[in-house]
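The structure appears below as C-alpha coordinates.
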Amino acid sequence: LPVLTDSNSSMEVVGQTALALGMVAIASSHGDVTSTILQTMMDKSESELKDTHCKFLALGLALTYLGKQEEAALTIEALKVVGDPLGKMAATLVEVVAYAGTGDVLKIQKMLHLCSEHHEITKEDVKKGDKAAKAEADAKKLEAESGIAQQMVAVIGIALIAMAEELGAEMALRSYSNLLRYGEPSIRRAVPLALAILSASNPKLDIIDTLSKLSHDSDSEVAHNAIFAMGIVGSGTNNARLANMLRLLAQYYHKDANNLFMVRLAQGLVHLGKGTLTLSPYHS
(Lines give C-alpha, C1' and ligand atoms only; values in the text may rest on other atoms or scores of the structure.)
Protein backbone atom coordinates (compact mmCIF):
# COMPACT_ATOMS: atom_id res chain seq x y z
CA LEU A 1 0.00 0.00 0.00
CA PRO A 2 2.76 2.59 0.72
CA VAL A 3 4.00 2.20 -2.89
CA LEU A 4 0.71 3.64 -4.20
CA THR A 5 0.94 6.77 -2.07
CA ASP A 6 4.70 7.28 -2.65
CA SER A 7 5.20 10.35 -4.86
CA ASN A 8 8.46 8.89 -6.26
CA SER A 9 6.70 5.83 -7.74
CA SER A 10 6.32 5.91 -11.53
CA MET A 11 2.92 5.30 -13.14
CA GLU A 12 4.08 1.84 -14.24
CA VAL A 13 4.97 0.84 -10.67
CA VAL A 14 1.71 2.30 -9.30
CA GLY A 15 -0.34 0.46 -11.95
CA GLN A 16 1.31 -2.91 -11.34
CA THR A 17 1.02 -2.46 -7.55
CA ALA A 18 -2.71 -1.75 -7.86
CA LEU A 19 -3.17 -4.86 -10.00
CA ALA A 20 -1.24 -6.98 -7.47
CA LEU A 21 -3.38 -5.60 -4.61
CA GLY A 22 -6.53 -6.38 -6.61
CA MET A 23 -5.39 -9.98 -7.06
CA VAL A 24 -4.46 -10.38 -3.39
CA ALA A 25 -7.74 -8.87 -2.16
CA ILE A 26 -9.89 -10.35 -4.96
CA ALA A 27 -13.65 -10.54 -4.21
CA SER A 28 -13.10 -9.30 -0.65
CA SER A 29 -14.04 -5.57 -1.04
CA HIS A 30 -11.13 -4.93 1.38
CA GLY A 31 -11.57 -1.43 2.86
CA ASP A 32 -7.90 -0.37 2.99
CA VAL A 33 -7.16 -1.55 -0.56
CA THR A 34 -10.23 0.06 -2.16
CA SER A 35 -9.85 3.38 -0.32
CA THR A 36 -6.11 3.65 -1.14
CA ILE A 37 -6.60 2.88 -4.85
CA LEU A 38 -9.53 5.33 -5.02
CA GLN A 39 -7.51 8.06 -3.31
CA THR A 40 -4.58 7.45 -5.68
CA MET A 41 -6.90 7.83 -8.69
CA MET A 42 -8.31 11.08 -7.33
CA ASP A 43 -4.86 12.52 -6.64
CA LYS A 44 -3.52 11.93 -10.17
CA SER A 45 -3.34 14.80 -12.66
CA GLU A 46 -5.10 14.75 -16.06
CA SER A 47 -1.85 13.94 -17.90
CA GLU A 48 -1.13 11.04 -15.50
CA LEU A 49 -4.67 9.67 -15.95
CA LYS A 50 -3.99 9.43 -19.69
CA ASP A 51 -1.09 7.04 -19.03
CA THR A 52 -1.74 3.47 -20.20
CA HIS A 53 -0.62 2.02 -16.85
CA CYS A 54 -3.32 4.04 -15.08
CA LYS A 55 -5.92 1.56 -16.38
CA PHE A 56 -4.41 -1.03 -14.02
CA LEU A 57 -5.61 1.12 -11.10
CA ALA A 58 -9.18 0.68 -12.35
CA LEU A 59 -8.67 -3.07 -12.86
CA GLY A 60 -7.14 -3.55 -9.39
CA LEU A 61 -10.08 -1.71 -7.83
CA ALA A 62 -12.61 -3.71 -9.87
CA LEU A 63 -11.09 -7.08 -8.89
CA THR A 64 -11.72 -6.39 -5.20
CA TYR A 65 -15.46 -6.21 -5.98
CA LEU A 66 -15.64 -9.43 -8.04
CA GLY A 67 -19.18 -10.80 -7.72
CA LYS A 68 -20.08 -8.34 -4.93
CA GLN A 69 -22.98 -6.76 -6.89
CA GLU A 70 -24.70 -4.04 -4.75
CA GLU A 71 -21.63 -3.58 -2.50
CA ALA A 72 -19.87 -1.80 -5.38
CA ALA A 73 -22.52 0.94 -5.66
CA LEU A 74 -20.73 3.39 -3.32
CA THR A 75 -17.41 2.99 -5.12
CA ILE A 76 -19.10 3.55 -8.52
CA GLU A 77 -20.54 6.82 -7.16
CA ALA A 78 -17.14 7.84 -5.74
CA LEU A 79 -15.50 7.25 -9.15
CA LYS A 80 -17.59 10.09 -10.62
CA VAL A 81 -15.13 12.44 -8.89
CA VAL A 82 -12.19 10.97 -10.88
CA GLY A 83 -11.54 12.99 -14.04
CA ASP A 84 -11.65 11.83 -17.64
CA PRO A 85 -10.47 9.73 -19.42
CA LEU A 86 -10.27 7.23 -16.51
CA GLY A 87 -13.33 7.99 -14.37
CA LYS A 88 -16.13 6.70 -16.63
CA MET A 89 -14.13 3.67 -17.73
CA ALA A 90 -13.27 2.73 -14.13
CA ALA A 91 -16.90 3.05 -12.99
CA THR A 92 -18.09 0.79 -15.83
CA LEU A 93 -15.30 -1.72 -15.13
CA VAL A 94 -16.15 -1.96 -11.41
CA GLU A 95 -19.85 -2.44 -12.26
CA VAL A 96 -19.08 -5.13 -14.85
CA VAL A 97 -16.76 -7.12 -12.57
CA ALA A 98 -19.19 -6.82 -9.63
CA TYR A 99 -21.92 -8.47 -11.73
CA ALA A 100 -19.66 -10.94 -13.61
CA GLY A 101 -21.32 -14.30 -14.22
CA THR A 102 -24.69 -13.22 -12.79
CA GLY A 103 -26.51 -12.98 -16.12
CA ASP A 104 -28.20 -9.75 -14.91
CA VAL A 105 -30.36 -8.68 -17.88
CA LEU A 106 -30.66 -5.05 -16.75
CA LYS A 107 -26.88 -4.64 -16.58
CA ILE A 108 -26.45 -6.19 -20.05
CA GLN A 109 -29.08 -3.76 -21.33
CA LYS A 110 -27.19 -0.86 -19.76
CA MET A 111 -23.92 -1.99 -21.42
CA LEU A 112 -25.64 -2.29 -24.81
CA HIS A 113 -27.01 1.23 -24.35
CA LEU A 114 -23.46 2.51 -23.71
CA CYS A 115 -22.32 0.78 -26.93
CA SER A 116 -25.02 2.55 -28.96
CA GLU A 117 -23.63 6.02 -28.19
CA HIS A 118 -21.54 7.76 -30.84
CA HIS A 119 -18.13 9.19 -29.90
CA GLU A 120 -15.93 10.73 -32.55
CA ILE A 121 -12.48 12.28 -32.10
CA THR A 122 -12.58 15.18 -34.55
CA LYS A 123 -9.57 17.21 -35.62
CA GLU A 124 -10.81 20.77 -35.51
CA ASP A 125 -8.87 23.66 -37.00
CA VAL A 126 -8.11 26.04 -34.15
CA LYS A 127 -6.58 29.43 -34.86
CA LYS A 128 -3.28 30.18 -33.17
CA GLY A 129 -3.70 32.24 -30.01
CA ASP A 130 -7.34 31.31 -29.60
CA LYS A 131 -6.97 29.71 -26.16
CA ALA A 132 -10.69 29.34 -25.44
CA ALA A 133 -11.32 27.43 -28.69
CA LYS A 134 -8.27 25.24 -28.08
CA ALA A 135 -9.40 24.42 -24.54
CA GLU A 136 -12.88 23.55 -25.84
CA ALA A 137 -11.43 21.30 -28.58
CA ASP A 138 -9.21 19.54 -26.00
CA ALA A 139 -12.19 19.01 -23.68
CA LYS A 140 -14.23 17.51 -26.55
CA LYS A 141 -11.36 15.21 -27.51
CA LEU A 142 -10.92 14.07 -23.88
CA GLU A 143 -14.64 13.36 -23.54
CA ALA A 144 -14.63 11.32 -26.78
CA GLU A 145 -11.56 9.31 -25.66
CA SER A 146 -13.26 8.66 -22.31
CA GLY A 147 -16.44 7.49 -24.06
CA ILE A 148 -14.50 5.17 -26.37
CA ALA A 149 -12.63 3.54 -23.46
CA GLN A 150 -15.94 3.13 -21.60
CA GLN A 151 -17.53 1.48 -24.67
CA MET A 152 -14.70 -1.04 -25.02
CA VAL A 153 -15.14 -2.05 -21.37
CA ALA A 154 -18.91 -2.29 -21.90
CA VAL A 155 -18.47 -4.65 -24.88
CA ILE A 156 -16.28 -7.03 -22.86
CA GLY A 157 -18.62 -6.50 -19.89
CA ILE A 158 -21.60 -8.00 -21.76
CA ALA A 159 -19.62 -11.25 -22.16
CA LEU A 160 -18.47 -11.24 -18.51
CA ILE A 161 -22.01 -10.82 -17.20
CA ALA A 162 -23.63 -13.28 -19.64
CA MET A 163 -21.03 -16.08 -19.73
CA ALA A 164 -22.48 -18.17 -16.87
CA GLU A 165 -25.72 -19.24 -18.58
CA GLU A 166 -26.24 -20.64 -22.07
CA LEU A 167 -29.30 -18.57 -22.98
CA GLY A 168 -27.61 -15.31 -21.96
CA ALA A 169 -24.52 -16.29 -23.97
CA GLU A 170 -26.66 -16.98 -27.07
CA MET A 171 -28.34 -13.56 -26.74
CA ALA A 172 -24.95 -11.89 -26.27
CA LEU A 173 -23.71 -13.58 -29.47
CA ARG A 174 -26.58 -12.03 -31.42
CA SER A 175 -25.82 -8.62 -29.94
CA TYR A 176 -22.17 -8.97 -30.96
CA SER A 177 -23.04 -9.79 -34.57
CA ASN A 178 -24.99 -6.49 -34.69
CA LEU A 179 -22.13 -4.59 -33.04
CA LEU A 180 -19.69 -6.00 -35.62
CA ARG A 181 -21.93 -4.80 -38.45
CA TYR A 182 -22.95 -1.38 -37.19
CA GLY A 183 -20.56 -0.55 -34.32
CA GLU A 184 -17.79 2.03 -34.15
CA PRO A 185 -14.19 0.89 -34.93
CA SER A 186 -13.32 0.89 -31.21
CA ILE A 187 -16.26 -1.42 -30.47
CA ARG A 188 -15.31 -3.81 -33.30
CA ARG A 189 -11.81 -4.09 -31.80
CA ALA A 190 -13.20 -5.27 -28.47
CA VAL A 191 -15.72 -7.79 -29.88
CA PRO A 192 -13.18 -10.63 -30.62
CA LEU A 193 -11.92 -10.52 -27.01
CA ALA A 194 -15.50 -10.54 -25.74
CA LEU A 195 -16.29 -13.59 -27.88
CA ALA A 196 -13.23 -15.30 -26.37
CA ILE A 197 -14.44 -14.61 -22.81
CA LEU A 198 -17.92 -15.88 -23.73
CA SER A 199 -16.55 -19.20 -24.94
CA ALA A 200 -13.16 -19.76 -23.22
CA SER A 201 -11.82 -23.30 -23.83
CA ASN A 202 -15.07 -24.10 -25.66
CA PRO A 203 -14.45 -24.01 -29.44
CA LYS A 204 -17.98 -23.58 -30.83
CA LEU A 205 -18.09 -23.67 -34.64
CA ASP A 206 -19.95 -20.37 -35.12
CA ILE A 207 -17.53 -18.48 -32.85
CA ILE A 208 -14.46 -20.03 -34.53
CA ASP A 209 -15.81 -19.07 -37.98
CA THR A 210 -16.53 -15.48 -36.87
CA LEU A 211 -13.03 -15.11 -35.40
CA SER A 212 -11.49 -16.66 -38.51
CA LYS A 213 -13.16 -13.98 -40.67
CA LEU A 214 -12.06 -11.22 -38.28
CA SER A 215 -8.43 -12.47 -38.31
CA HIS A 216 -8.19 -11.16 -41.91
CA ASP A 217 -9.82 -7.79 -41.07
CA SER A 218 -8.44 -4.60 -42.63
CA ASP A 219 -8.11 -3.05 -39.14
CA SER A 220 -4.88 -4.54 -37.74
CA GLU A 221 -6.08 -4.29 -34.11
CA VAL A 222 -9.22 -6.31 -34.90
CA ALA A 223 -7.00 -8.94 -36.57
CA HIS A 224 -4.59 -9.06 -33.56
CA ASN A 225 -7.45 -9.48 -31.10
CA ALA A 226 -9.21 -12.08 -33.26
CA ILE A 227 -6.08 -14.25 -33.51
CA PHE A 228 -5.51 -14.05 -29.75
CA ALA A 229 -9.20 -14.80 -29.17
CA MET A 230 -8.88 -17.95 -31.33
CA GLY A 231 -6.20 -19.13 -28.90
CA ILE A 232 -8.39 -18.47 -25.84
CA VAL A 233 -11.45 -20.14 -27.38
CA GLY A 234 -9.45 -23.29 -28.16
CA SER A 235 -7.11 -23.20 -25.16
CA GLY A 236 -6.19 -26.66 -23.92
CA THR A 237 -8.54 -28.43 -26.37
CA ASN A 238 -6.02 -29.51 -29.06
CA ASN A 239 -8.82 -28.67 -31.52
CA ALA A 240 -7.65 -29.89 -34.96
CA ARG A 241 -9.76 -27.40 -36.92
CA LEU A 242 -8.39 -24.45 -34.94
CA ALA A 243 -4.81 -25.75 -35.14
CA ASN A 244 -5.15 -25.98 -38.93
CA MET A 245 -6.60 -22.45 -39.16
CA LEU A 246 -3.68 -21.10 -37.12
CA ARG A 247 -1.15 -22.92 -39.32
CA LEU A 248 -2.70 -21.27 -42.40
CA LEU A 249 -2.65 -17.88 -40.61
CA ALA A 250 1.06 -18.35 -39.80
CA GLN A 251 1.74 -18.82 -43.53
CA TYR A 252 -0.49 -15.85 -44.45
CA TYR A 253 1.20 -13.49 -41.97
CA HIS A 254 4.78 -14.81 -42.33
CA LYS A 255 6.03 -11.29 -43.20
CA ASP A 256 4.08 -9.45 -40.46
CA ALA A 257 6.00 -9.85 -37.19
CA ASN A 258 3.18 -8.60 -34.92
CA ASN A 259 0.47 -10.86 -36.33
CA LEU A 260 2.88 -13.79 -36.50
CA PHE A 261 3.66 -13.35 -32.79
CA MET A 262 -0.10 -13.43 -32.01
CA VAL A 263 -0.49 -16.60 -34.12
CA ARG A 264 2.35 -18.34 -32.22
CA LEU A 265 0.77 -17.27 -28.93
CA ALA A 266 -2.62 -18.64 -30.03
CA GLN A 267 -1.02 -21.91 -31.17
CA GLY A 268 0.58 -22.29 -27.75
CA LEU A 269 -2.78 -21.68 -26.04
CA VAL A 270 -4.61 -24.25 -28.20
CA HIS A 271 -2.12 -26.93 -27.06
CA LEU A 272 -2.09 -25.65 -23.47
CA GLY A 273 -0.52 -28.27 -21.19
CA LYS A 274 -0.63 -30.74 -24.12
CA GLY A 275 -4.41 -30.65 -23.85
CA THR A 276 -4.64 -31.25 -20.09
CA LEU A 277 -5.38 -27.68 -18.95
CA THR A 278 -8.31 -25.34 -19.50
CA LEU A 279 -9.07 -21.61 -19.16
CA SER A 280 -12.81 -22.11 -18.63
CA PRO A 281 -13.88 -20.58 -15.27
CA TYR A 282 -16.81 -23.03 -15.12
CA HIS A 283 -16.72 -26.83 -15.14
CA SER A 284 -16.99 -28.24 -18.65
Nearest 10 degrees, 0 to 90: helix 185-198 Cα axis against the chain principal axis:
60 degrees
Considering the Cα trace of the stretch 214-284, what is its radius of gyration and what is Dmax, both in angstroms?
12.0, 39
So if each residue of separation counts as 0.36 nm, and I subtract the Cα-Cα distance between Glu12 and Tyr282, what length gain in nm does that give?
94.0 nm
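Around Lys44, what is the net charge, scoring Lys/Arg as +1 and Asp/Glu as -1 over all other residues with Cβ under 11 Å from its Cβ? Kindly include the intermediate steps, with their values, before the conclusion.
On the way: positive: Lys50; negative: Asp43, Glu46, Glu48, Asp51.
Here the charged neighbours net out to -3.
Once fully extended, how much extra length lies between Glu117 and Ala250, figured as 0.36 nm per residue of separation less the alpha-carbon to alpha-carbon distance? Intermediate values should be presented prior to the final figure.
Details: separation 133, 0.36 × 133 = 47.88 nm, distance 3.66 nm.
Additional length available on full extension: 44.2 nm.
If you count only protein heavy atoms with a 1.4 Å probe, what accessible area per residue comes out for the stretch 1-114, rounded to a whole Å²? If you can, show how the numbers build up before the last one.
Working: 5450 Å² over 114 residues.
Value for the stretch 1-114: 48 Å² per residue.
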Long-range amide H partners of Thr237 with built H, under 5 Å
Leu272
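What is the sum of charges, Lys and Arg at +1 and Asp and Glu at -1, for the other residues whose Cβ falls under 14 Å from the Cβ of Lys110?
Details: positive: Lys88, Lys107; negative: Glu95, Asp104, Glu117.
Net charge in that neighbourhood comes out at -1.
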In whole percent, the fraction of accessible protein surface over the stretch 33-88 that belongs to carbon or sulfur atoms, probe radius 1.4 Å, stands at 54 percent
How far apart, in nm, are two points set 7 Å out from the Cα along the Cα-to-Cβ line at Ser218 and at Ile76?
3.8 nm
One finds the C-alpha centres of the stretch 39-99 and the stretch 175-234 to be spaced, in Å, by 26 Å
His30/Glu166 FRET efficiency (R0 30 Å; Cβ-Cβ; nearest 0.05):
0.35
Note down the accessible area of Ile156, probe 1.4 Å, to the nearest 10 Å².
50 Å²
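Distance check, please: which entries in Lys55/Lys88; Lys88/Lys213; Lys107/Lys213 exceed 20 angstrom between their Cα atoms?
On the way: Lys55/Lys88 11 Å; Lys88/Lys213 32 Å; Lys107/Lys213 29 Å.
The answer is Lys88/Lys213; Lys107/Lys213.
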For the peptides 24-37, 246-259, what is the packing order when you average, over each peptide's residues, the other Cβ atoms within 10 Å and list the highest mean first?
24-37, 246-259
Nearest 10 degrees, 0 to 90: helix 105-115 Cα axis against the chain principal axis:
70 degrees
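The values are calculated or read from the model by the stated rules, or taken from the named source; none is laboratory data. All figures in this text were calculated on a predicted structure; none of them were measured in a lab. For neighbour counting, all protein chains shown are included, and Cβ atoms are generated from backbone atoms with ideal geometry for every residue, glycine included. When the accessible area is computed, the model is the full protein with side chains, heavy atoms only, and any ligands, DNA or RNA have been set aside. Shrake-Rupley method; radii C 1.70, N 1.55, O 1.52, S 1.80 Å.
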